[in-house]
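A short worksheet on the structure shown next.
The values are calculated or read from the model by the stated rules, or taken from the named source; none is laboratory data. Predicted model only: the values in this text are computed from it and were never measured. Cβ placement follows ideal geometry from the backbone for every residue including glycine, while neighbour counts extend to all protein chains displayed. For accessibility, only protein heavy atoms count, side chains too; no ligands or nucleic acids. Shrake-Rupley method; radii C 1.70, N 1.55, O 1.52, S 1.80 Å.
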Amino acid sequence: MALNYANVENWDLDQVAIWLNVVYLGQHIKAFEKGGVTGKTILGIDDAFIQSKLRITAPAEQLVLKQALFQLNEQYRQAYLVHKRASEASINSLTGLTTMPANLASPPPTSTFKKTRNQTLPPRMPQILPPPPKPLFNKTAKELLDYKNCIYSGYVKKQGGQHKNWRERFLILSEGCMYYFVNDRATKQKGAFSIAGYRIEDTCSEPAIKSKHPHSFKMVTDNSNDRVYYFSFVSIHVLQTWKSIIEKEIMELNKAYSMAMHDKLTSQSPTLPNSDEEDVYTVPPEDSERNTCSSYSYTLGLTIFAVI
């Protein structure tokens, strides 16, 4: 189904879900459905709504969502402008009218500003965003260790996916992906996954695990369909080392994503045709809370490949 950005106000839940997939935020579809977000509300979503209704609390998640919502407002406005000018031209050519018909009302205002002729409009909505890193499934442990972008490695204990037993695994972090092997000489991977979209959480909320594995954490996403990975370490020092390195890599992934998005947004900016009249357009208020991300990455649709 093609989205009509000039008609955002009339989008239903299905069209909002399609838009979330288009901007690589499909993991929030359930939250938007529970919040009853349709075209009538999506253009006015603010920080309070994101936290209280959508329950998105991670700073990086909020940042990416607000950027996407800002660009949706811009795309709506530009589509509306095209529709408005085409309608004006058609009506004027037939009737000689110079005023805007009442049935072509302006988009709902959040804040207003004036644009005069030859001034540029805000950037277009990006259509292509960088995909999450994909594991190199054909690599052996030695090849990954020798790889120039190998970040960290070591022996840990990991909980199995189907059988919830704990086994020693050799873990390798490389280019945004986690690989695990039986040992550091293994030629076949036991599993691998991209850490994009994951965050690290303590296992304190799971006493059965914490009591047997006091130095452990889990890696989770906001998508309930994604696998949760549990790791246990020999000491708190080793845990903190791994946690610090993984979170730093997650932040680097988010930084690369944000920079790519910024480049897309600023690469092209259309200009308004000459006009002797000033038009009043509506745009969302400037986002003054563009903070750097803490321990969470950008969230995209992920495909996890792993075995026990």
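Tabulated results
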{"quantity": "Area accessible to solvent at THR241, 1.4 Å probe radius, in Å²", "calculated": "40 Å²"}
{"quantity": "In Å², nearest 10: area of SER244 left accessible to a 1.4 Å probe", "calculated": "70 Å²"}
{"quantity": "Solvent-accessible area per residue for segment 1-86 (1.4 angstrom probe, square angstrom)", "calculated": "45 Å²"}
{"quantity": "Segment ASP47-SER235, length gained on full extension (0.36 nm per residue, minus Cα span)", "calculated": "63.8 nm"}
{"quantity": "Accessible-area composition of segment 1-66, carbon plus sulfur, in percent [1.4 Å probe]", "calculated": "49 percent"}
{"quantity": "Residues LYS255 and GLU201, FRET efficiency given R0 of 30 Å [Cβ-Cβ distance, rounded to 0.05]", "calculated": "0.90"}
{"quantity": "Nearest-20 debye value, segment 189-230 charge dipole, Cβ charges on Lys, Arg, Asp, Glu", "calculated": "200 debye"}
{"quantity": "Flagged links, alpha-carbon separation over 21 Å, of LYS40/LYS66; LYS188/LYS218; LYS66/LYS218", "calculated": "LYS188/LYS218; LYS66/LYS218"}
{"quantity": "Solvent-accessible surface ranking, highest first, for VAL82, VAL228 at 1.4 angstrom", "calculated": "VAL82, VAL228"}
{"quantity": "Among the listed pairs LYS30/LYS157; LYS190/LYS243; LYS134/LYS158; LYS139/LYS164; LYS34/LYS243; LYS148/LYS190, those beyond 28 Å (Cα-Cα)", "calculated": "LYS30/LYS157; LYS34/LYS243"}
{"quantity": "Nearest-10 value in Å² for the accessible area of CYS204, using the 1.4 Å probe", "calculated": "90 Å²"}
{"quantity": "Solvent exposure, largest accessible area first (probe 1.4 Å, DNA, RNA and ligands not counted), of HIS163, HIS28, HIS213", "calculated": "HIS163, HIS213, HIS28"}
{"quantity": "Cut-off 15 Å between beta-carbons: net charge of the residues surrounding PRO132, Lys and Arg +1, Asp and Glu -1", "calculated": "-2"}
